[in-house]
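Scroll down for the structure; my scribbles are underneath it.
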Amino acid sequence: MAKETYIVNCWPVDVNTTIAVYESFGWELISNNVSATYQTSYDTSVSAQNELTFSREKNVSWYNEINKLQMQYEDLQGRINVIEAGEPKEKKPNIVLTVFLALFYIVPAVIYYAGYEVSQKNKVKKWHAKNDADLANLKSQQVTILNQSRAIIDG
């Protein structure tokens, strides 16, 4: 019996989802270890990734078809990650500039603060209006692939 192994790194909040996805492609979880620790700034936030190790039998009748579906799924996930990486984050107005303007010009400071906040919200809304349909379509394709994969494995 020929087996293959596959290692995936994910954040702790994504462990259960990641395991479920890869089990849909015939993988069995053989270990779950903390792989890397990231410190975002001096002692304020430390997080660790999990290293999930999977194993799968290669000599099964559905291997080639499932492997192809897994590649399609991972391609879609890569496209989703690229789109989601471009999502703008809503920024707060510069408080120093607001205070400076308030010291000299109360009305411009209020206009700046309110206008900046509105422009940030509009920026995020436009991004979602442009990308939410594409993301939903890609994610629905992934669900279809997972369902096909489960149907093939379950017989």
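The values are calculated or read from the model by the stated rules, or taken from the named source; none is laboratory data. Remember, it's a predicted structure, so these values are computed and weren't measured experimentally. As a convention, Cβ positions derive from the backbone with ideal geometry for all residues, glycine included, and neighbour counts pool all protein chains shown.
Scoring Thr40 on the criteria (1) modelled with pLDDT of 90 or more; (2) in a strand (DSSP E or B); (3) under 30 Å from Lys123 (Cα atoms) leaves a single failure, condition (1).
A quick yes/no check of all residues on (1) in the same structural domain as Gln141 (by TED's automatic domain parsing); (2) within 14 Å of the chain's Cα centre (by Cα); (3) of a type in the set (Lys, Arg):
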site: Asn50; (1), (2), (3): no, no, no
site: Thr53; (1), (2), (3): no, no, no
site: Asn67; (1), (2), (3): yes, no, no
site: Met71; (1), (2), (3): yes, no, no
site: Asp75; (1), (2), (3): yes, yes, no
site: Val82; (1), (2), (3): yes, yes, no
site: Gly86; (1), (2), (3): yes, yes, no
site: Lys91; (1), (2), (3): yes, no, yes
site: Leu97; (1), (2), (3): yes, no, no
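Restricting the first member to the stretch 108-128 and to residues that are closer than 14 Å to Leu97 by Cα, and the second to residues that are outside any helix (DSSP H, G or I), the beta-carbon pairs closer than 6 Å and six or more apart or on different chains are Tyr113/Pro93; Tyr116/Pro93. Consider Ser47 carefully, then state whether it is small (Gly, Ala, Ser), in contact with a strand residue (DSSP E or B) (Cβ under 8 Å, 6 or more places away or on another chain) and modelled with pLDDT of 90 or more. Criteria not met by Ser47.
Is one or more of the residues making up the stretch 62-75 modelled with pLDDT of 70 or more, in a loop (DSSP other than H, G, I, E, B) and closer than 30 Å to Pro12 by Cβ? No, the stretch 62-75 contains no residue that is modelled with pLDDT of 70 or more, in a loop (DSSP other than H, G, I, E, B) and closer than 30 Å to Pro12 by Cβ.
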